[in-house]
Amino acid sequence: MILSIESSCDDSSIAITRIRDAKLLFHKKISQEIDHSQYGGVVPELAARLHAIALPNILEETKKYFKDLKAVAVTNEPGLSVTLVEGVCMAKALSLSLDIPLLPINHLKGHIYSLFIDKPEVQFPLGVLLVSGGHTQVLHVKSYDEIEVLATTLDDSFGESFDKVAKMLGLGYPGGPVVEKSALSGDATKFDFTVPLLRTPKLAFSYSGLKNQVRLAIEENPEAKNDICASFQNVATKHLIHKLKKILQTNSFKNFAIVGGASANKYLRSEIEKLCQTDKMQLLVADMQFCSDNAAMIGRCAIDAYRLKRFAKLDEIDVNPRTNF
Ligand code: KG4
Ligand code: ZN
């Protein structure tokens, strides 16, 4: 079995995954959303202190598996350095005391593997739209090691733009679920926001201009929260679909997936579903509970890392807050 730890942002999570068949035997996550809500975003030092309390509490519940552990896996990149350190320190301590090897895991790769939790086989090659709080990327995933970035954001990420809109409207944190909920009661045609990068052939994303358009709309119509959320969500998604269509003109995929915290957005899912039907691609999505950050996806990714013997020595593994593919 592999014990996996995730602490890259504001979720403390530990999982136990069986190597033989990728069965998820234990998974627990303690989210800090309420603690950060009043600040409209994650406060890194507060998050680190809360991980230091939550992770040892969850670890207590996994002690019965210790004798069967073959490795300890931990997210070491990318993320908030002060929170990554909490998980990495715990992983190093476990590696030393239980005398088992360490597997450093890339968090973004973990999101891709959220598709295969509890499944013995992975389905590569795969086109992937990764939409989280820190990333908006279209990827061509060929294998564990071969991941080609086809497009990325020039500024804010898709999920982050929902967080910022929610903050401007005083709806709390995280913004994704509250903006999506508010949008359900709004009219998406009320505000005519411009779709970003519509007239440039550039295969990239940008959300900072849309955020500014929303700010101006709120200043002029502070009461129209639902209509603003609906119009914003509509254009934010249109932007993704527009660029994806362009990418699919030169890249063809049999399987296409959406992963990351924002892949829980039902409107986005339905628009991607339509795209997959038109382009005859099979759509893969993770179970709703595994879209946002969790250790189960890190554990599933770690099974492939274990088979590939991607072990690191204690002094070799460090946190890398900004690593990408
Ligand atoms: O993957 P994740 O849990 O953490 C990162 O790795 O960043 O993603 C969190 C992000 C937040 O920005 C959150 O607002 C967004 O995912 N999110 C959503 C939805 N649920 C979460 N964005 C849009 N619609 C949602 N339903
Ligand atoms: Zn994430």
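The values are calculated or read from the model by the stated rules, or taken from the named source; none is laboratory data. What you see is a predicted model, and the numbers here were worked out from it, not measured in a lab. Backbone-built Cβ (ideal geometry, glycine too); neighbour counts: all protein chains shown. The area values use the complete protein model at the heavy-atom level, side chains included, leaving out ligands, DNA and RNA. Shrake-Rupley method; radii C 1.70, N 1.55, O 1.52, S 1.80 Å.
Report, to the nearest whole %, how much of the accessible area of region 126-285 belongs to carbon and sulfur atoms, 1.4 Å probe, protein only. If you can, show how the numbers build up before the last one.
On the way: 3610 of 7160 Å².
Carbon and sulfur atoms account for 50 percent of the accessible area of region 126-285.
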Interchain or sequence-distant (5+) residues whose placed amide H lies within less than 5 Å of the amide H of residue 153 are 136, 205
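At 222 nm, what value in deg cm²/dmol follows for the chain if DSSP H runs of at least 4 each add -39500 (n - 2.57) and the sum is divided by all its residues, to the nearest 500? Numbers along the way, then the final one.
Numbers: 10 runs with 133 residues, N = 325.
After summing the helix terms and dividing by the residues of the chain, the value is -13000 deg cm²/dmol.
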Stretch residue 167-residue 311 to full length: gain in nm at 0.36 nm per residue minus the Cα-Cα span? 47.7 nm
Using the heavy atoms of the protein chains and a 1.4 angstrom probe, tell me the accessible area per residue for the chain in square angstrom. 44 Å²
Taking the Cα centre of the chain as origin, work out the dipole magnitude from +1 charges on Lys and Arg Cβ and -1 charges on Asp and Glu Cβ, in debye rounded to 20. 900 debye
Any chance you could run the full-extension gain for residue 64 through residue 143? It's 0.36 nm times the residue separation minus the Cα-Cα distance, nm to one decimal. 25.1 nm
Once all Cα-Cα distances of region 126-285 are split into 5 Å bins that start at 0, what whole-number percent is in each one? 2, 9, 19, 23, 20, 14, 8, 4, 1, 0
Residues in region 174-191, backbone N under 16 Å from the label point at residue 220 (7 Å along the Cα-to-beta-carbon vector): list them, ranges by number please. 189-191
With DNA, RNA and ligands ignored, accessible area of residue 293 (1.4 Å probe; Å², nearest 10): 30 Å²
The aspartates and glutamates whose Cα lies under 14 Å from the Cα of residue 181, excluding any fewer than 8 residues away in the same chain, are 163, 227
Judged on accessible area alone, 1.4 Å probe, highest first, 306, 39, 207, 65 line up as 39, 306, 65, 207
Hey, how many Å between the Cα centroid of region 2-41 and the Cα centroid of region 122-195? 21 Å
